[in-house]
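Novice: Please find one structure pasted underneath; my questions will follow.
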Amino acid sequence: MTPVISVCIANYNGIGLIDDCIESIHAQDANLPVEIIVHDDASTDGSAAHIRTHYPNVILLESEANVGFCIANNRMATVAQGVYLLLLNNDAALLPDALRTLHNEATRIARPAILGLPQFDFDSGKIIDRGCLLDPFFNPVPNLNVEQQDVAMTIGACLWVTRNLWGKLGGFPEWFGSIGEDLYLCCRARLAGYPVRACAESGYRHHVGTSFGGGKAKADRLSTTYRRRALSERNKTFAMFACHPRPLFALLVPLHLVLIYLEGALLTMIKWNGMLWREIYAPILPSMWRERDNLRQARSTTQAQRNSSLASWLALFRWLPWKLHMLIRHGLPEVK
């Protein structure tokens, strides 16, 4: 039977997580044909053998090299047969009505769209977000308002998109590597006039930060890793460059670069840690130069496909910089 939904799971060294993820799909109450595709990204923990042995019906793509989240999902989308793709992290587990909720909402909208679900902390069950809004510098602002279903982005740990729309948007930009690809895809969709929505019901549980460390406040303190922060700052900059419409582009991209380097200088001096500058902030402009052809092409394509007004683009932005809010609430982040 041809699947209606293709659940695509990018896995790297997830042997302690993958069972919860796959079993949550098997436990769905949706009466719909579903295929499960796993891309194993050259794991060294025996994940691929575990999946082959315990889940023979899973379509397993085994990569010879570690290629990152973007390429992994693009590969799975290429072989997927479903009308809908659900991109699901290996450290996430769906609630039993998740697929039914997403399919019902997609049917109700009756047009290509990107959808997400409420995200809950895996251990505590506390709500993390219902999709995100954005600040002017593309920092995600968690949405906790159940009435606010139109959002600027849904988290890539559980992202539903029609396979046709995925193709029109070009999938994830492979030169991003990992982190920020969900931000980019959702912004491209919104600019092109497609809905990005968070369902009010159901959800998924997520071990936030398993792949790269950090990702949320613990004990009211912010903690992250050099790698996560470096990828996040670089790829948010890439997404801003590609997606902000004129005249916002001319104003906010240069302002962002000035502020991000000022932030880096201040943090380096306050913490007296040169590694912050070397690993996170200094590489941003060189990365933009190296990827200049990709950035120009992405901006050209994204802006050419624009089919939404500036007012609708701005409607899902919040103008207080989210980093300032987090600094006031939690203090300076710990980077490990």
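Novice: Applying the selection to region 83-105, what residues are in a loop (DSSP other than H, G, I, E, B), within 20 Å of residue 127 (Cβ to Cβ) and more than 18 Å from the chain's Cα centre (by Cα)? Lay out the reasoning, then the answer.
Specialist: Going residue by residue through region 83-105, those that are in a loop (DSSP other than H, G, I, E, B) are 83, 90-91, 95-97.
When the remaining residues are screened for being within 20 Å of residue 127 (Cβ to Cβ), the result is 91, 95-97.
Listed by number, the residues that qualify are 95, 96, 97.
Novice: Check off (1) assigned to a loop (DSSP other than H, G, I, E, B); (2) crowded, with 24+ Cβ neighbours inside 10 Å; (3) not β-branched (Val, Ile, Thr) for residue 124 and give me the number that stays unchecked.
Specialist: Looking at each condition in turn, residue 124 falls short on (2).
Novice: Quick one: would you say residue 278 is closer than 17 Å to residue 294 by Cα and part of a helix (DSSP H, G or I)?
Specialist: Numbers: closer than 17 Å to residue 294 by Cα: no; part of a helix (DSSP H, G or I): yes.
Taking the combined requirement at face value, the residue does not satisfy it.
Novice: For residue 63, only one of the following conditions fails: (1) surrounded by fewer than 22 Cβ atoms within 10 Å (Cβ to Cβ); (2) within 21 Å of residue 158 (Cβ to Cβ); (3) among the small types (Gly, Ala, Ser); (4) touching a His at 6+ places or on another chain (Cβ under 8 Å). What is its number?
Specialist: (2)
Novice: Could you list, in sequence order, all residues of region 102-117 that are surrounded by fewer than 24 Cβ atoms within 10 Å (Cβ to Cβ) and either not hydrophobic (A, V, I, L, M, F, W, C) or not assigned by TED's automatic domain parsing to the domain that holds residue 31 (or both)?
Specialist: Listed by number, the residues that qualify are 103, 104, 105, 107, 108, 111, 112.
Novice: Report yes if residue 54 is assigned by TED's automatic domain parsing to the domain that holds residue 198, without any contact (Cβ under 8 Å) to a residue 40 or more places away in the chain and surrounded by fewer than 22 Cβ atoms within 10 Å (Cβ to Cβ), otherwise no. So that I can check it myself, show each step before the final result.
Specialist: Values: assigned by TED's automatic domain parsing to the domain that holds residue 198: yes; without any contact (Cβ under 8 Å) to a residue 40 or more places away in the chain: yes; surrounded by fewer than 22 Cβ atoms within 10 Å (Cβ to Cβ): yes.
Here the answer is yes, as residue 54 does meet what is asked.
Novice: How about region 149-170: which of its residues are farther than 10 Å from residue 186 by Cβ and of a type outside the set (D, E, K, R)? If you could, list the steps in order and put the result at the bottom.
Specialist: Kept after step one, since they are farther than 10 Å from residue 186 by Cβ, are these residues of region 149-170: 149-150, 157-158, 160, 162-168, 170.
Within region 149-170, 149, 157, 158, 160, 162, 164, 165, 166, 167, 170 qualify.
Novice: Restricting attention to region 1-24, and to residues there that are within 10 Å of residue 99 (Cβ to Cβ) and crowded, with 22+ Cβ neighbours inside 10 Å, which single residue is nearest to the chain's Cα centre (by Cα)?
Specialist: 7
Novice: Pick from 262, 255, 295, 251: which is outside the structural domain of residue 188 (by TED's automatic domain parsing) and within 22 Å of the chain's Cα centre (by Cα)?
Specialist: Checking each option against the conditions leaves just 295.
Novice: Which numbered condition trips up residue 330, out of (1) surrounded by 15 or more Cβ atoms within 10 Å (Cβ to Cβ); (2) modelled with pLDDT of 90 or more; (3) farther than 18 Å from residue 246 by Cβ?
Specialist: (2)
Novice: Any chance you could count how many residues in region 267-281 are aliphatic (A, V, I, L, M) and closer than 17 Å to residue 331 by Cβ?
Specialist: Total satisfying the criteria: 4.
Novice: Still on this structure: So, residue 265, is that one surrounded by fewer than 18 Cβ atoms within 10 Å (Cβ to Cβ), in contact (Cβ under 8 Å) with a residue 12 or more places away in the chain and more than 27 Å from residue 91 (Cβ to Cβ) or not? Explain how you work it out, then say what you get.
Specialist: Details: surrounded by fewer than 18 Cβ atoms within 10 Å (Cβ to Cβ): yes; in contact (Cβ under 8 Å) with a residue 12 or more places away in the chain: yes; more than 27 Å from residue 91 (Cβ to Cβ): yes.
So residue 265 passes the test.
Novice: Sort out which residues of region 130-149 are at positive phi and either in contact with a Ser or Thr (Cβ under 6 Å, 6 or more places away or on another chain) or in a strand (DSSP E or B) (or both), and write them in order of number.
Specialist: Result: 131, single match.
Table: residues versus (1) more than 19 Å from residue 58 (Cα to Cα); (2) without any contact (Cβ under 8 Å) to a residue 24 or more places away in the chain; (3) surrounded by fewer than 22 Cβ atoms within 10 Å (Cβ to Cβ); (4) out of contact with any strand residue (DSSP E or B) (no Cβ under 7 Å at 6 or more places or on another chain).
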| position | (1), (2), (3), (4) |
| --- | --- |
| 77 | no, no, yes, no |
| 84 | no, no, no, no |
| 100 | yes, no, yes, yes |
| 120 | yes, no, yes, no |
| 135 | yes, no, yes, no |
| 159 | yes, no, no, no |
| 170 | yes, no, yes, yes |
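The values are calculated or read from the model by the stated rules, or taken from the named source; none is laboratory data. Bear in mind that the values here come from a model prediction, so they are computed numbers and not experimental data. Here the Cβ is made from the backbone with ideal geometry for all residues, glycine too, and neighbour counts use every protein chain on show.
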